[in-house]
1. Rg and Dmax of the chain, Cα atoms, in Å?
2. Out of Ile109, Ile312, Ile39, any idea which swings most in a Gaussian network model of the chain, alpha carbons joined below 10 Å?
3. Which trypsin sites (Lys or Arg not before Pro) in the stretch 23-90 pass both tests, a DSSP loop state and at most 15 other beta-carbon atoms within 10 Å?
4. Return the distance in nm (one decimal) between the two label points of a simple spin-label model at Ser15 and Ala332, each offset 7 Å from Cα along Cα→Cβ.
5. Please go through the residue pairs Lys47/Lys82; Lys82/Lys119; Lys22/Lys239; Lys125/Lys198; Lys22/Lys82; Lys33/Lys91 and name each one whose alpha carbons sit more than 18 Å apart in this structure.
6. Helix 187-204 against the longest principal axis of the chain: what's the angle in degrees, Cα atoms only, rounded to the nearest 10?
7. Quickly work out the Lys297-to-Gln143 label distance, labels modelled 7 Å from Cα along the C-beta direction, and quote it in nm with one decimal.
8. Net charge within 15 Å of Glu241 by Cβ-Cβ distance, Lys/Arg positive one each and Asp/Glu negative one each, not counting Glu241 itself?
Amino acid sequence: QQPFLSIRDLKVHFSTEDGIVKAVDGLSFDLAKGQTLGIVGESGSGKSVTNLTILGLHDRDRTAIDGEILLDGQELLNASEKELERLRGNKMSMIFQDALASLSPYHTIGTQIGETYRKHTGVSKAEARKRAIEMLRRVGIPQPDMRVDDYPHQFSGGMRQRAMIAMALVCDPELLIADEPTTALDVTVQAQIMDLLKDLQQEFGTAIIFITHDLGVIADIADDVLVMYGGRCVERGTKREVLTSPQHPYTLGLLNSMPDLHGPVDVELSPIPGSPPSLLNPPSGCRFHPRCAFADKVAGNLCSTERPMLEIVAGRGSACHLTADQKRELFAHYAELQ
Ligand code: SF4
Ligand code: MG
């Protein structure tokens, strides 16, 4: 059976004044219907760019794209702007960190949700308003029949986020892309929004790509996890596999710098030394090698000369030159830390 979303060898390169930025450089993954894939990585790892490309929201003039994006069998990279517009909001939809950027300050919440619905269904204004109220109720806005006529500035940050989710889901999309949607919120509201997304996914059966730099959020919501580094996937597996038995030194580093996942144990947190690679002039071989504590365990200078290929077997794999035995050892080291 064909996966609902299938990405093959995606490359997204921008031209800038300083040269070509290889923001995404050979990324492949699949997503099944109704599943949640968490994409985790530092900023600049290519996770947001990947998702803007799926939605067709990249700057076409300055971007060179190669590869394949199949949504329900339809190739998106060749789709016309008109076709993409038909798909956006309807079949695929997105929510961002900043609700204010996606909501217009000039129109009421109800109008904005309603117009999105009208655009794709052609219903009357009265019908669309009813639908907007219904959606606001479903995302937990109190007194939705009153609040529907409010403007975004009359909503709190958490309520705006809910309104944006209502707008994203109003046409019952099959794919929802959520790019750090809770990062700007305080912890309590963050937890409420995560619960809301989980409930809505149950109800609507939406497939979700959840982009975050926070493994705690991944632990909460994802079925599968994809770890990105320097525009490439370095590890893929189920949430359990990735969070409890990481196979890639970068994932291990992320886990070691996450207090929440370790519980109350007073582990010394060790952020990964160094900074993310330049994508103008990425490191040769394994892009993580300048920061990797394990590079010298690999024979020869393979880490700095040869790209480790990502080999996925039954949904599980990593891109690293370490042997399977060495990776097991890595995991033992991680278990010790826990
Ligand atoms: Fe580290 Fe080498 Fe594996 Fe890259 S390939 S993660 S440098 S051990
Ligand atoms: Mg981002």
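1. Final numbers for Rg and Dmax: 21.0, 70 Å.
2. The residue with the greatest mean-square fluctuation here is Ile312.
3. Lys33, Arg60, Arg62
4. It is 5.3 nm.
5. Violating the 18 Å Cα-Cα cut-off are Lys47/Lys82; Lys22/Lys239; Lys125/Lys198; Lys22/Lys82.
6. 80
7. Calculated label separation equals 6.0 nm.
8. Summing Lys/Arg as +1 and Asp/Glu as -1 gives +2.
No lab work stands behind these numbers, since they all come straight from the coordinates. These numbers come from a predicted model, not from an experiment. Neighbour counts are summed over all protein chains in view; Cβ atoms, including those assigned to glycine, are modelled from backbone coordinates with ideal geometry.
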